[in-house]
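The values are calculated or read from the model by the stated rules, or taken from the named source; none is laboratory data. This is a predicted model, so every value here is computed, not measured. All Cβ positions, even for glycine, are placed from backbone atoms using ideal geometry, and neighbour counts span all protein chains on display.
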């Protein structure tokens, strides 16, 4: 049995980030919302701006720019709420978006080469949109890459 071409297409949400754009699988996106009241508190995680409350949940606001060493957007026009899974658990994360998000689909995902896989395991593939090749991000892997610095900060504050 062959699967119709339309069923083989995957959808992605593309968002601007500093001087480039990145993408997430559309099935990981919960919603795009207007920014609400950002609650800040003292903490040692530099890529967490604070939290918002949405649908009765407390959602951390993750500065994706800092995780990817990009110029941080001052204030987002919207929050892209993305679900990420690590092991058997999942959580939501709100990502400030300063520009316009787009929805794109592709039949073919460009694979990651060995060098990219070793240097940036959070990239699961590439999406070709016109002349631009966009990274497809795995938020759980990206956060996990920064976990050693979190563990070091926790150990430092415990001393």
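Being at pLDDT below 85 and over 22 Å from residue 140 (Cα atoms): is that true of residue 34 here? No, not satisfied. Take the residues of the range 107-119 that are surrounded by 12 or more Cβ atoms within 10 Å (Cβ to Cβ) and at pLDDT 85 or above: which is farthest from residue 27 (Cα to Cα)? Here the answer is 112. Taken over the range 56-66, the criterion of being farther than 14 Å from residue 80 by Cβ and either part of a loop (DSSP other than H, G, I, E, B) or touching a residue at least 12 places away in the same chain (Cβ under 8 Å) (or both) is satisfied by 56, 57, 66.
A quick yes/no check of all residues on (1) touching a strand residue (DSSP E or B) at 6+ places or on another chain (Cβ under 6 Å); (2) surrounded by 14 or more Cβ atoms within 10 Å (Cβ to Cβ):
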site	(1), (2)
66	no, yes
76	yes, yes
93	yes, yes
121	no, yes
126	yes, yes
131	no, no
136	yes, yes
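Answer yes or no as to whether residue 84 is modelled with pLDDT under 90, under 17 Å from the mean Cα position of the chain (by Cα) and outside any helix (DSSP H, G or I).
yes
Just for the range 37-50: of the residues that are touching a residue at least 40 places away in the same chain (Cβ under 8 Å) and not in a strand (DSSP E or B), which one is farthest from residue 91 (Cα to Cα)? That would be 44.
Does residue 31 satisfy the criteria of being exposed (fewer than 15 other Cβ atoms within 10 Å of the Cβ) and part of a helix (DSSP H, G or I)?
Against the criterion (exposed (fewer than 15 other Cβ atoms within 10 Å of the Cβ) and part of a helix (DSSP H, G or I)), residue 31 does not qualify.
Restricting attention to the range 124-144 and to residues that are within 14 Å of residue 14 (Cα to Cα) and without any contact (Cβ under 8 Å) to a residue 60 or more places away in the chain, the residue that is nearest to the chain's Cα centre (by Cα) turns out to be 138.
Determine whether residue 53 is at negative phi, loosely packed, with under 15 Cβ neighbours inside 10 Å, modelled with pLDDT of 90 or more and not in a loop (DSSP other than H, G, I, E, B). Yes: the conditions hold for residue 53.
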